[in-house]
Amino acid sequence: MKGKKKKPSITSRRSFIKTGAIASSIFIVPRHVLGGVGYTSPSDQLNLAAIGAGGKGSSDIRNASVNGRERVTALCDVDFSGSAKKSVERFPNAKLYADYRVMLEKEKDIDAVTISTPDHVHGPAAHYAMQRGKHVYVQKPMTHNIREARILTEMARERKIVTQMGNQGGSNPLLNMVQKWIDDDRLGKISKVQIWTNRPVWPQGFAMQPSDESKKPSALNWDLWLGPSPQIPYTPNLHPFGWRGWWDYGTGALGDVGCHLIDIPFRTLGLKYPTDAESSVGSVYTKMWNADYHPEGCPASSFTTLHFAETKKSKSPIEMTWNDGGIRPAHPEIIPADSDIGGKNSLNGVLIIGDKGLISTNINDSSPLMPKLYLYDGTTEFGPEVESNDEPEYGHQRRWVDACKAGFNSTEHLGLTSSFDYAGPMTETVLMGNLAIRSYLLKKENSKGKMDFFARKKLLWDGENMRITNLEAANQFVGRNYRKGWEV
C-alpha cells in the first residue's frame, strides 16, 4: 500500500500462498489472491478518510469501506453533532477532524478520501488531497465551476490519481440496455434530447435570510463551512442543506441532478463539450410590474438549451434542452397518454429522440432507470420498473476502492464509469447551464441611466479553451474567487 511499509508477517503469508500455489495442483489460489503488478492484496486494507461525514457522506464512506473490508482511519466534518454522528458510531476508531487540511497533513497513511461536502468545497478539497497523492471519490457535481473541473481532470492524469464522481447511476447495468438501443441504430438519426426535473425541492429563488450569529449551532465551525466563499457572519438555513440554492455554495437544480440526468445522453451518445448555451429563467413577482431580482441565488425555474456537434455515436448534431422547477416537455404522441414519461409521475426524465422513435428513462441516481423504447413502427421494449441490486448504489464506491488497490490504468481503473476523464467533461457540460443562467441575470446601466439585461443571448462556447467567445462578461462564471488558503 502506497506510503506504508508492509509487515513481515503479511509478506511471509503472501510468499507462502504464492509458493504453495505453485507447488500444489490441488490447492488452487484465485487470481485475486495471487495479485500482480500494481495490485494490493486483500490482506492489505486501504486506509480511507471522509471529508464530509454526514448526509450523503455517511453512505459514501460506509459503501467505500465495503462492510469493513477497508479501514476508515479518519473522519472530517465541520459539525459532528448532526448526521455525521452515524459515521462516528460506525467507525469508532477513526480520528475526528474539523479541517481536512489538518487531517491530511497529520494522517500521512491515508490512501484515499471520499469528499461529500457542499458543492463549493468539492474542488478545493479534491485539489488539496490530490496534491498529496490521495485517490479521491467526489460527490456530484465534481466541482462548483468549470475551471475547477478542468484542473482536476488534468491533475488526475498527471499525478496518476484514481478518481470517481458520485453519480452512482453511471454504474447502473441497465444503462447497457439504453446503450445497445443506440448502438444498434434503433432510433435512427438522433437530433434531440429533452431533460427535466422537479428540482428544486428546497427553498430557492428569493432573497437570502439575514445573518444572525445568535442562531449558530455551537458545534458548527462556520468559518470552515464557508471554505473558499467570502467571509460572512453566520446565516441561518444554509447548513446543512439549504446552501444548494445560493451560487456561493451550491449549483442549483442542475448541480443537484444534472449529473444524474445529463449523464444518460452524454454517455450513450458519446457527447463532448457543447458548442453553445442559452438559458432563460422564470420570473417571480412579489410587487406589481417589477420582477424580483436576486442574482446571488439560483432561480426557482429555468430553461436551458445546449447544442453538440455530431459524434461517432450520435451521427448528427444534437440539441439538448433542460427544464427545472417542475416544468416538463409536452407528452410525445408515441407514448400512450395515460403512461408516464421519464420516471414515476413524470417528475424527472430524459427523452432521446430519433426519426424512428424515442427512448424514455427516469433520473439515473438510485431510482429505477425504467428504460423504455418506443418506435414509430409500433415496436416497444421496456426494461424492468423495479431493480434488484446486489450491492448499494450499484457498487459505485466499491469499484472505486478496488481500482485504488489495483492501481492507476489497471483494468479496474479503466472500467470505472465516472473517473474524471469522463466526469470532468460531463460536469463542465452541466455547469455550462449554470453559466448561461447566471449570464442571463447580468445587468448594466445604459446611456439613459436605466439598467438593461445585456447578456440574454446564445453564448458561443470554445470548450477546449474554456471561453465564451461572444460575451466577455460571461467568462467571469467559468471560475470563481477564493478566500486565502482555499485556492484551486
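Note the full-extension length gain between K484 and A337 as 0.36 nm times their separation in residues minus their Cα-Cα distance, in nm to one decimal.
Using 0.36 nm per residue and subtracting the Cα-Cα distance, I get 47.3 nm.
Near K484, which aspartates and glutamates are there with a Cα under 17 Å away, not counting those fewer than 8 places off in the same chain?
Reachable aspartates and glutamates: D99, E148, D223, D248.
Using helices alone, I'd like the mean residue ellipticity at 222 nm for the chain: each DSSP H run of four-plus residues gives -39500 (n - 2.57), total over residue count, nearest 500.
Taking each H run of at least 4 residues, the total per residue is -8000 deg cm²/dmol.
I want the antiparallel fraction of DSSP beta bridges within the chain, as a percent rounded to 5.
So the antiparallel bridges in the chain amount to around 60 percent.
Hull surface divided by four, with the convex hull built on the Cα atoms of the range 76-214: how many nm²?
13.4
In nm, give the distance between the simple-model label positions of A473 and S218, each being 7 Å from the Cα along the Cα-to-Cβ direction.
Those two pseudo-labels are separated by 4.9 nm.
A 28 angstrom limit on the alpha carbon distance is what I want to check against. Which of K192/K443; K372/K458; K356/K457; K312/K356; K189/K458 exceed it?
K192/K443; K372/K458; K356/K457
Relative contact order (percent) for the range 340-473, with alpha-carbon contacts under 8 angstrom and 6 or more residues of separation?
Normalised by residue count, the contact order of the range 340-473 is 9 percent.
Restricting to DSSP loop positions (anything but H, G, I, E, B) with no more than 11 other Cβ atoms inside 10 Å of their own Cβ, which GluC sites (Glu not before Pro) remain in the range 315-407?
Passing both the DSSP loop test and the Cβ count: E333.
Write out the trypsin sites (Lys or Arg not before Pro) in the range 38-99 meeting two conditions: DSSP loop, and at most 14 other Cβ atoms within 10 Å of their Cβ. All intermediate terms of the calculation are to be shown ahead of the outcome.
Values: sites: K56, R62, R69, R71, K85, K86, R90, K95; in loops: R69.
Those that pass, being in a loop and sparsely packed, are R69.
With Rg/Rh (Cα atoms, Kirkwood Rh) in mind, check (i) 0.97; (ii) 0.99; (iii) 0.93 and report the label derived from this structure.
Correct label, based on the coordinates given: (ii).
Within the range 289-368, list the trypsin sites (Lys or Arg not before Pro) lying in a DSSP loop whose Cβ has at most 11 other Cβ atoms in a 10 Å radius.
K312
For the range 211-228, just list the computed ³J(HN,Hα) in residue order, Karplus coefficients 6.51, -1.76 and 1.60, θ = phi - 60°, integers in Hz, with x standing in for Gly and Pro.
These are the phi-based 3J(HN,Hα) values: 5, 7, 4, 5, 9, 5, x, 4, 7, 8, 8, 5, 4, 5, 5, 4, x, x Hz.
Can you sort M320, M451, M466 so the residue with the fewest Cβ neighbours within 10 Å comes first?
So the residues, fewest neighbours to most, are M451, M466, M320.
Cross-link candidates for K272: which aspartates and glutamates have Cα within less than 14 Å, leaving aside residues fewer than 8 places away along the same chain?
Once the sequence-local aspartates and glutamates are set aside, what remains near K272 is D263, E310, E319, D421, E428, D462, E464.
As an exercise, use a Förster radius of 45 Å and the Cβ-Cβ distance of R90 and E296 to find the FRET efficiency, rounded to the nearest 0.05.
Details: r = 37 Å, r/R0 = 0.83.
Efficiency at R0 = 45 Å is approximately 0.75.
Values in this text are rule-based calculations from the coordinates and carry no lab data. Everything numeric in this text was worked out from a predicted model, so none of it was measured. When we count neighbours, we look across all protein chains shown, and the Cβ atoms used for this are built from the backbone with ideal geometry, even at glycine.
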